[in-house]
Structure formats: structure tokens, C-alpha cells
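Take a look at the structure set out below.
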Amino acid sequence: MFTSLSSNVVLAKARTMYGRRLTLADYSELLKCSSVGEVAGYLKNHTVYGKALAGIVENEVHRGELESRLKQKLMEDYVSLCKYEVEVDRHFSRSFIQQDEIHYLLRTVLRLNAQTPENGEYFFPPYLIHSSELNLPALARVKNMDDLKKEVEGTSYEKLMEPFLANPDQRIDYTGLENVLYRYLYSGLVETISNHFSGEVKKQLLSIYQTYLDLNNYVRIVRMRIQYGADVDAAKKSLLPTGTFSDACLNKMLQGTTEEEIQDVLGHTELGRKALKMNPVYLDEIPVRMNYQICRHAIDFSVYPPVVLISYISLSEMEISNIVTIIEGKRYQLEPDEIRKLLVFDGFSGWNRSGQTTQKRA
């Protein structure tokens, strides 16, 4: 009886929280903003992010601080939902923290490779400082490779990063390290789902992550083979853990010598046919938009609390990513129509590429 009640609470609460997401009208207004301060002001005064942004000085807020506050709000949502769904909290919490840790580790590597000075514009959400196995403030002060070695010593990342930090006289292989860290993250996620869930819950959870992995690998193959001119072995090393694509399918993609050849292999898979029907404008949007569609469907129709909870988190992360994309677009003086093409949001089919709204939020 308690389990059934808890399940109903998670389903209802997650769907209610998702109902407060940004609308098409909100995105239209955000695209009209000309600065980080204006974006922060609109979010604070007109959206569900108001409480999270209370007290900010709009014309002084930094993009990093804004993103940190939005992520803190998301983690508070997650904790609130996990009160009723302890299985997700028990098995997924560490993966969410790892995702952020990897982001800051790679950001530090970029800074070291570029030989830029200590960056005073790191903003860490409170939940991350409290939960991370890394000393994040110290990571922000890293000045050289030896400093970075010290900061990862004794953590889950020490062995993973050791080969990349062996020679202090060479630049860190950012791409190689990125691949290793994200393979570690996603292998752990898939293993967690496979070991701790079963039946339809396991199937739906795996669908969320494996679909992303499959399509992300397609993007990586196109980028490595066609855009960078890498050979098959180099491209293969860039791949994330496989989802549902067979080794034979991936090998056919890897042997492709044009984007059309690789896309043809993708089009002969069930997932690929669905993805290509979206008529993507940019290569990178393919895994994100398909992931969005799966999670959006699960929010409405899945009867399994872990699936709905994870879908809510994924969709909320996409919303925060949209906000950051708008800010970055303004920073690089892109036209609103160009920024709009990069966004993934609810009702996308009702807001066509010209920016006209043709349907209301569900």
C-alpha cells in the first residue's frame, strides 16, 4: 500500500513540476533579452526559477553564477522527488555528481592547455561542493599539471587520468581524456540500470541512455571520419559504450568514407530511421532531440516512477542547457533565429524554424 502511494506521489509530483517548465512564450521573451542580466531578470520575475534566483543583482550576475543557481534548483527538485523514490536516489545520485565533476575536470584541462591564469569565475552549486569527492575550490586554483595530479589523487579519477598526466612537458590530450571520462560515466550508468532494475523499468531506463549513446556514437563517427579525417582505429577509440547498435553496425559506419555512406548505415536501423525523420539541422542535435522525445513521452505515459523521475531530470537539464545556449548566443551576437535553431524545448513542432508559435503548451 505504501509503495503504491509513494509511486503515485512521484508520478503526480514530477508531472506537476514539469508542468511549470518554460513555455514557448518564455523562450520568445528570453530570445529578446540582450544580456545575462536581462535573462536572469526575466527568469527571476516570470518563471519557476524565481526562488532560485532571489537576491541576485541582475546587472552584475555572471553566466556561471546563473547556471550554478539553476543547477542547484534542479538538484533540490531531484532530492524532493527521491523522498518517495529511494531506489533512484540510491543508484543514480553518484552518477549525477560525476557528470558535474567531469565537466569541471575537463574545464580545468582546457584552461591548462590554453595556459590561461587562475580563473576566478568558477561557480559551484552548493550541492556539488557538499557531495563531490573533488576539492572543487582547489581545482579552480590549479595552475599546472602537478597541481591537477594532486587534486585527483585518491579519487575515482586518479587511475583514469594518470596516463594523460604522465608528461608535464606535453599538452594534455583533451579529446582522449574526454572519451575516457565519459566512457567511465556511461558504463557505470548502464551497469547500474542492468544490475539494480528489472522488467519494463529496466527496459525504459536503458532506452533513455542507450538511445543517446547510439546516436552520440553516430555523431562521433561522422565527426572523426569525415570532419577530422581520422582513420578507423582513431575513430573507434572515440566511441562511448555501445547501446543497441551491434558491433557489425558500428563497424559499417566506421568504414564509411562520406557522411552519406555513414548516414545510410544509420538509416537501416530502427532508431536511425526515427532520428532522421526529425530532419536535423545540426549534427550534434540528433542524440539530444531523440533523447528529448523519449523523455517527453515517458513524462506523460510511463507508469514507472524511476522512469518518470529520470525523464524529469533529463528534460530539466535540457532546459538549463537551453538557457545557457541563449546566453552564449547573445555573447557571440547571434541572431535570435539562429539561437532558436539550437534549442530543444517543449512544443518544438509547434514553433517552426521561423519562430512562429502554432500551438500552446500541453
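The values are calculated or read from the model by the stated rules, or taken from the named source; none is laboratory data. Treat the numbers as computed from the prediction; the structure is a model and nothing was measured. Neighbour counts are summed over all protein chains in view; Cβ atoms, including those assigned to glycine, are modelled from backbone coordinates with ideal geometry.
The table that follows gives values for the structure above.
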{"item": "Some residue of the range 156-179 being touching a Leu at 6+ places or on another chain (Cβ under 9 Å), assigned to a helix (DSSP H, G or I) and β-branched (V, I, T)", "result": "no"}
{"item": "Selection count, the range 237-262, where residues are out of contact with any helix residue (DSSP H, G or I) (no Cβ under 6 Å at 6 or more places or on another chain) and either in a helix (DSSP H, G or I) or among the small types (G, A, S) (or both)", "result": "10"}
{"item": "Residue within the range 68-86 that is touching a Lys or Arg at 6+ places or on another chain (Cβ under 9 Å), of a type in the set (S, T, N, Q) and more than 14 Å from Y127 (Cβ to Cβ) present", "result": "no"}
{"item": "Residue within the range 200-217 that is of a type outside the set (K, R), exposed (fewer than 13 other Cβ atoms within 10 Å of the Cβ) and either modelled with pLDDT of 95 or more or assigned to a helix (DSSP H, G or I) (or both) present", "result": "yes"}
{"item": "Residue list for the range 122-155, filter: assigned to a loop (DSSP other than H, G, I, E, B), in contact (Cβ under 8 Å) with a residue 12 or more places away in the chain and more than 21 Å from the chain's Cα centre (by Cα)", "result": "N135, R141, V142, K143, N144, T155"}
{"item": "Enumeration of residues in the range 266-291 that are among the hydroxyl-bearing types (S, T, Y) and modelled with pLDDT under 95", "result": "Y282"}
